[in-house]
Amino acid sequence: MQDLSVFDHLGGQLRRLCDVVGMDPSTPVELLSELLGEHGRRSMQEPPAWPSDVADDHTPVEFSIAYNESEPPALRILAEAFGSTPGVRANALATYEFLRRQSERHGLATSRLEAIRDLFEADDPQGDFVLWLSLVFRTGRAPEFKVYFNPELRGPAGAADVVRRALDRLGLGPAYERMLSQAIRPAELGRRDRLTFFALDLHDGPQARVKLYISHHDARAEDVARAAAVVPGVDPELVAAFCAEAGRAERFSGRPLVGSYTITQGADRPNGYSVYVPIRSYVTDDREARERVLPLLERYRFDPALLDEAIAAVTSRPLDGDAGLIAHVSLRLGPPRPGMTVYLSSEAYRGASLVH
Ligand code: TRP
């Protein structure tokens, strides 16, 4: 077997994905290379430098194709940057450093990030990460950047307070009660309903968002539908139907269903909702996952052929026999961009994880 580096593998996948969505790969590949830094040069045969939770096999990168109702699909990368000696804090610092460099080149809007940054810092943070980021590539546009903080850095019980303070500082205090009053099953905050990510878009456009993600462990589709109902204009029936069809489970007792509230710039309450079904946990293999996702894409009038092309861009392995390539599938309702997203694992370390 050829001794590929992590960057060879991920960069090849990214280049092919850019082809699929008709984008010039040069900026995406350059950003990926910078993001991976020296760790990108490691051989894929070596174990990962840090067991990132971005993907099940610890690859610090996950791809996604975001289908939009009113514009061409976007290509996205969720990633964890690594410090030279990786660790949750070192990785967060590496992310800040990466963003500082990109700020100079791409003019990121970081004032909201600066306003809340200290709330998401601790000497001894709990959990698997402090800060992740995503890169979003849209045809004909400059790359966009988004950060994800871990509200549970002081433990699950402290997360609500961290989120409330962050929203307060962003002038969104009232939105908090609205989101959490109905989103959470009574008595489950910090237990089966967990505040998992607090996300910010790093641009200043009218569509810049704050997003709050809640993981609903051991939930039913109707629990998530109730959370979605908080948002005016979002049809909870669509959310329930999407979970049922993608997950085919009465109770989602494997990996949790995740919901997110979107508050776009200028709004004082959530105006969008997305649900993420960790489909890999509810199928026998990726063949089955694909067969469930295709009709959903068709229902929402998205091109199913694009999914097959994207799958072919990341893997040549047979889809049957193993699940995990299609990690999540999500439905986005409300502004700024309704649509569906399919998350594709790189599986850079899949071989390694199969050994255990
Ligand atoms: N791997 C983690 C998980 O599955 C984090 C994650 C990656 C995630 N992509 C995601 C969570 C998409 C929700 C939606 O939980």
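The rows are residues; the columns are (1) within 14 Å of the ligand (Cβ to nearest atom); (2) aliphatic (A, V, I, L, M); (3) in contact (Cβ under 8 Å) with a residue 24 or more places away in the chain.
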residue	(1), (2), (3)
L257	yes, yes, yes
T284	no, no, yes
P295	no, no, yes
L306	no, yes, yes
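Check L170 against each of (1) within 14 Å of the ligand (Cβ to nearest atom); (2) open to solvent by 20 Å² or more (accessible area, probe 1.4 Å) and name the one condition it does not meet.
Only one criterion is unmet by L170, namely (1).
Considering only residues that are under 22 Å from D218 (Cβ atoms) and not in a loop (DSSP other than H, G, I, E, B), which ones fall in the stretch 238-253?
V239, A240, A241, F242, C243, A244, E245, A246, G247, F252
Output the qualifying pairs, or none if there are none: Cβ atoms under 6 angstrom, residues six or more apart or on different chains, first residue in the stretch 159-179 and touching a residue at least 60 places away in the same chain (Cβ under 8 Å), second residue of a type in the set (F, W, Y).
Taking only residues 6 or more apart or on different chains, the pairs are M179/Y261.
All but one of (1) part of a strand (DSSP E or B); (2) out of contact with any Lys or Arg (no Cβ under 9 Å at 6 or more places or on another chain); (3) among the aliphatic types (A, V, I, L, M) hold for V210; which doesn't?
(2)
Kindly provide the set of residues from the stretch 81-115 that are under 20 Å from the mean Cα position of the chain (by Cα), buried (at least 19 other Cβ atoms within 10 Å of the Cβ) and free of Cβ contacts under 8 Å to residues at least 60 places away in the same chain, ordered by number.
Within the stretch 81-115, A81, F82, V88, N91, A92, A94, T95 meet the criteria.
Starting from the stretch 184-202, keep only residues that are modelled with pLDDT under 80, then list their pairs with residues that are open to solvent by less than 10 Å² (accessible area, probe 1.4 Å) and within 16 Å of the ligand (Cβ to nearest atom) whose Cβ atoms are within a distance under 7 Å, requiring at least 6 positions of separation or different chains.
Correct list of pairs: I184/D193; R185/D193; G190/A159.
Considering only the stretch 64-80, state which residues are under 14 Å from the mean Cα position of the chain (by Cα) and not charged (D, E, K, R).
Result: S64, I65, A66, A74, L75, I77, L78, A79.
Given S26, S33, which one is without any contact (Cβ under 8 Å) to a residue 24 or more places away in the chain and open to solvent by 10 Å² or more (accessible area, probe 1.4 Å)?
S26
Residue under question is Y349, and the condition is that it be crowded, with 20+ Cβ neighbours inside 10 Å and either modelled with pLDDT under 95 or closer than 25 Å to C18 by Cβ (or both); does it hold?
Judged against the criteria, Y349 is a match.
Does A313 satisfy being within 16 Å of the ligand (Cβ to nearest atom), of a type in the set (G, A, S), open to solvent by less than 50 Å² (accessible area, probe 1.4 Å) and over 15 Å from the mean Cα position of the chain (by Cα)?
Numbers: within 16 Å of the ligand (Cβ to nearest atom): no; of a type in the set (G, A, S): yes; open to solvent by less than 50 Å² (accessible area, probe 1.4 Å): yes; over 15 Å from the mean Cα position of the chain (by Cα): yes.
When the stated conditions are applied, A313 does not pass them.
Which condition does A166 not pass, out of (1) at pLDDT 90 or above; (2) in a loop (DSSP other than H, G, I, E, B), if it passes all the others?
Among (1) at pLDDT 90 or above; (2) in a loop (DSSP other than H, G, I, E, B), the lone unmet condition for A166 is (2).
Please tell me if R337 is within 19 Å of the chain's Cα centre (by Cα), within 14 Å of the ligand (Cβ to nearest atom), basic (K, R) and open to solvent by 20 Å² or more (accessible area, probe 1.4 Å).
Criteria not met by R337.
Could you list, in sequence order, the residues of the stretch 186-200 that are within 16 Å of the ligand (Cβ to nearest atom) and open to solvent by 10 Å² or more (accessible area, probe 1.4 Å)?
R192, R194, T196, F197
The values are calculated or read from the model by the stated rules, or taken from the named source; none is laboratory data. This structure is a prediction, so every number in the text was calculated from the model and none was measured. Virtual Cβ from ideal backbone geometry, glycine too; neighbours counted across all protein chains shown. Please note that ligands, DNA and RNA were not included when accessible areas were found on the heavy atoms of the full protein model with its side chains. Shrake-Rupley method; radii C 1.70, N 1.55, O 1.52, S 1.80 Å.
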